[in-house]
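Below you'll find the structure, written out as C-alpha cells, and then a few comments.
Each reported figure results from applying straightforward, stated rules to the coordinates on display, with no laboratory input. Note that this is a predicted model, so its numbers are computed, not measured. Using ideal geometry, Cβ is built from the backbone for each residue, glycine included, and neighbour counts are taken over all protein chains shown.
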Amino acid sequence: MSKTTVVVGAGVVGAAIAFELQKRGRQVTLVDRDQPGLGASFGNMASIAVSEFMAVSRPATWKKIPRWLLDPEGPVWLRPSYAPKMTPWFLRFVLAGRPSRVAEIEAAGASLCVRVLDDLTPMLDAIGARDMLTDEGCLAIYETEAEFAADRDHIALMENYGFAHRVLTGKSIRDLEPSLAPHIAKAVLLPANRSIRDPYQLVLKLVEAFRQAGGVFVSGEVERVDRHGGGGADIILAGGTRLVASDVVLAAGVRTRFLAAGLGEPIPLETERGYHTQIMAPGISMRHSIIWPERAFMVTPTAGGIRVGGNVELAGLDAAPDYRRARVLVRHAQRALPGLKAEEASEWMGHRPAFPDTLPIISASSRVPGVWYATGHGHLGLTYSATTARLIADMMTGGRPPVDMAPFSITRF
Ligand SMILES: Cc1cc2nc3c(=O)[nH]c(=O)nc-3n(C[C@H](O)[C@H](O)[C@H](O)COP(=O)(O)OP(=O)(O)OC[C@H]3O[C@@H](n4cnc5c(N)ncnc54)[C@H](O)[C@@H]3O)c2cc1C
C-alpha cells in the first residue's frame with residue numbers, strides 16, 4: 001500500500017497540517033476543490049486571539065440572544081428560512097452552556113491558547129514568514145463603564161488563566177492608539193493577541209513551503225472517502241480519480257460534515273457566516289487591532305489596508321451574502337475611529353466551521369482507522385492552526401501530544 005497521507009482542505013488548518021506532516025517525513029498529498037486559501041482562511045480578521053477561548057454558549061449569551069436577533073444591526077442574525085435546519089445544532093448549543101460544561105470548554109480552549117505562540121512562531125520561522133506576525137497586541141474597547149462591566153466574565157477568565165492584560169482609561173488609550181475617538185472611555189490591552197499581516201498569504205506560504213519540501217498539491221473536489229476492507233481509506237475525487245492513501249486527514253472546513261456523514265459518522269458542524277470590509281485607503285493608520293465586545297466586531301490593520309469585520313449570520317452554506325451586514329460594521333468602526341474612510345473598499349463573506357460547544361475536533365475517527373479530523377475551529381481557526389497541526393501530527397506519528405486531547409475527540413458528539 002502507498003505510504004501517502006492525504007490531507008483534504010487547503011485552508012489554514014489543512015495547509016498547516018500538510019506542512020507539519022511533510023516536515024516529519026511523511027509523503028503528503030494536499031487536496032482542495034479550489035485553489036489554496038480561498039475558504040474561511042482567506043478573509044478572517046487576522047487575529048491570533050489567544051485570550052478569546054470563552055465558551056460562546058453561556059447563560060450571559062443566551063440572555064443577549066433575543067435582543068440581538070431582533071436588532072437588524074446586531075452581531076447575530078438568523079435567517080428565518082434557515083431556523084428549522086438550525087434547531088438540532090441550537091439545542092446542542094444550549095446544552096453546552098450548562099455551567100459545568102462551560103468550565104470544561106474553557107479549560108480545554110485555554111489548554112490550546114497557552115501554547116499558540118510557541119507553536120506558531122516556529123512554524124512561521126520554518127516557512128520564512130516570521131515577519132507576518134505583528135508585535136502589537138489588541139485593544140478591547142468600551143464606550144461606557146456599563147459596557148466594561150458587561151465584559152467582566154471575559155476579564156475574569158483571562159485573570160483565572162493568567163493571560164496578561166492591562167486596563168487603560170482616558171488619555172492613555174489615545175497615547176497607544178491616537179485614532180480612537182475620545183468617547184472610548186476604557187480599553188483593555190491584550191498584548192498576546194497579535195495578528196497576521198495577511199492571513200491569505202500565510203496559507204499560500206505554507207503551501208509553497210510544503211511543495212518545496214516534496215509535498216504534492218492536487219486540485220479536485222473530494223466526493224467521498226472510501227474505506228479499505230482492512231482499515232484505512234482512499235479518497236475519491238469528482239470524476240472518479242482514486243487517491244490511494246495510507247491515512248487521511250479531513251480538514252475541509254465546514255464541508256467536512258459531508259465527508260464525515262459519508263463515513264457514517266455525522267458531526268454537528270454549522271457555518272457561522274461572517275463578513276469583512278477591506279479598506280484600501282482608510283485615511284488613518286493603526287498599530288493595534290481593536291475589538292469592541294459590546295458590538296462584537298474587530299478592526300485590524302493588515303498588509304492591504306484596514307480590515308473591519310465580524311458578526312455571525314446563521315443562514316447555511318448556500319444563501320447569497322447580505323453585505324448590509326458588513327456595512328453595519330463599518331459604521332460601528334467609524335464611531336470608534338472617526339477618521340476612518342471607507343470609499344475604496346472590498347467586501348467578503350466566509351464560513352466559520354463551528355461546533356455547538358465552541359471547541360474543534362482534532363481527533364482520530366471513531367469508526368475508520370487511519371482517518372483523522374481537524375475541523376470546527378470556529379472563530380479561532382487561524383489562531384489554532386499551528387497548534388492543531390502539531391497536535392494531530394503528534395497523534396498520527398505515534399508521539400504524545402502535550403495537551404489532553406479528550407476534549408477535542410469526535411466521540412463527544
Ligand atoms: C469574518 C471572519 C473573521 C474571522 N476572524 C478570525 C480571527 O481573527 N482569528 C482566527 O483565529 N480565526 C478567525 N476566523 C475563523 C477562521 O477564519 C476559520 O476558523 C479558519 O479559517 C478555518 O480554517 P479551515 O482550514 O478549517 O477552513 P477553510 O479555510 O474554510 O478551508 C477549508 C478548505 O477545504 C476545501 N474543501 C471543502 N470541501 C472540500 C472537498 N469536498 N474537496 C476538496 N476540498 C474541499 C475548501 O475549498 C477550503 O479551501 C474568522 C472567520 C470569519 C468568517
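Mean residue ellipticity, 222 nm, helices only, the chain: the sum of -39500 (n - 2.57) across DSSP H runs of n ≥ 4, divided by residue count and rounded to 500, is -10000 deg cm²/dmol. For segment 263-402, the Stokes-Einstein estimate of translational diffusion at 20 °C and a viscosity of 1.002 mPa s comes to 125 µm²/s, using the Kirkwood hydrodynamic radius over alpha-carbon pairs.
Express in % the proportion of alpha carbon pairs of segment 136-255 at distances exceeding 19 Å. Here the tail beyond 19 Å accounts for 68 percent of pairs. When peptides 308-318, 387-397, 152-162 are sorted by average Cβ neighbour count within 10 Å, with the highest value leading, the order is 387-397, 308-318, 152-162. If only the Cβ of Lys and Arg carry +1 and only the Cβ of Asp and Glu carry -1, the dipole of segment 84-203 around its Cα centre is close to 380 debye.
Residue pairs exceeding 27 angstrom between C-alpha atoms, taken from 63/186; 63/171; 186/341; 64/186; 205/341; 3/205: 63/171; 205/341. Evaluate the relative contact order of the chain (contact order divided by residue number), counting alpha-carbon pairs under 8 angstrom at least 6 apart; express in whole percent. In percent, rounded to a whole number, it is 26. Rg over Rh for segment 317-374 works out to 1.23, both radii taken from alpha-carbon positions and Rh defined as the Kirkwood radius.
The fewest-to-most ranking of 134, 383, 121 by surrounding Cβ atoms within 10 Å reads 121, 134, 383. Principal-axis analysis of the Cα atoms of the chain puts helix 381-396 at an angle of about 30° to the longest axis.
Over segment 6-82, what is the mean sequence separation of C-alpha contacts under 8 Å (at least six apart), divided by residue count, expressed as relative contact order in percent? In percent, rounded to a whole number, it is 24.
DSSP assigns beta bridges within the chain; of those with both partners inside it, close to 70 percent run antiparallel.
For segment 326-343 versus segment 116-167, the inter-centroid distance based on Cα atoms is 23 Å. Charge tally for residue 304 (other residues, Cβ to Cβ under 13 Å; Lys, Arg +1; Asp, Glu -1): 0.
Here the 3J(HN,Hα) profile of segment 54-59, calculated from phi with Karplus coefficients 6.51, -1.76 and 1.60 at θ = phi - 60°, is 5, 4, 5, 8, 7, x Hz, Gly and Pro shown as x.
Here the contact order of segment 57-210, divided by its residue count and restricted to Cα pairs under 8 Å and six or more residues apart, works out to 24 percent. Which residues in segment 199-218 place their backbone N less than 15 Å from a point set 7 Å from the Cα of residue 303 along the Cα-to-Cβ direction? Backbone N within reach: 199-209. Annotation: amide H of residue 352 within the under-5 Å range of 272, 273, 274, sequence separation 5 or more or interchain, hydrogens built in the peptide plane. Residues in segment 125-140 carry Karplus couplings, in order, of 4, 5, 9, x, 10, 4, 6, 6, 8, 6, 8, 7, x, 10, 10, 7 Hz; the curve used is 6.51 cos²θ - 1.76 cosθ + 1.60 with θ = phi - 60°, and Gly or Pro positions show x. Amide hydrogen proximity for residue 223: with H placed 1.01 Å from N in the peptide plane, the residues at 5 or more positions away or on another chain lying under 5 Å are 236, 237, 238. Per residue, the convex hull spanned by the alpha carbons of segment 57-195 comes to 169 Å³. Give me the Kirkwood hydrodynamic radius of segment 363-408 in Å, from all C-alpha pairs, to one decimal place? Here the Kirkwood hydrodynamic radius works out to 11.3 Å.
Axis angle, to the nearest 10 degrees, between helix 12-23 and the longest C-alpha principal axis of the chain: 50 degrees. Normalised by 2.2 N^0.38 Å, where N is the number of residues, the alpha-carbon radius of gyration of segment 12-136 equals 1.36. The Cα-based radius of gyration and maximum Cα-Cα distance (Dmax) for the chain are 20.7, 68 Å.
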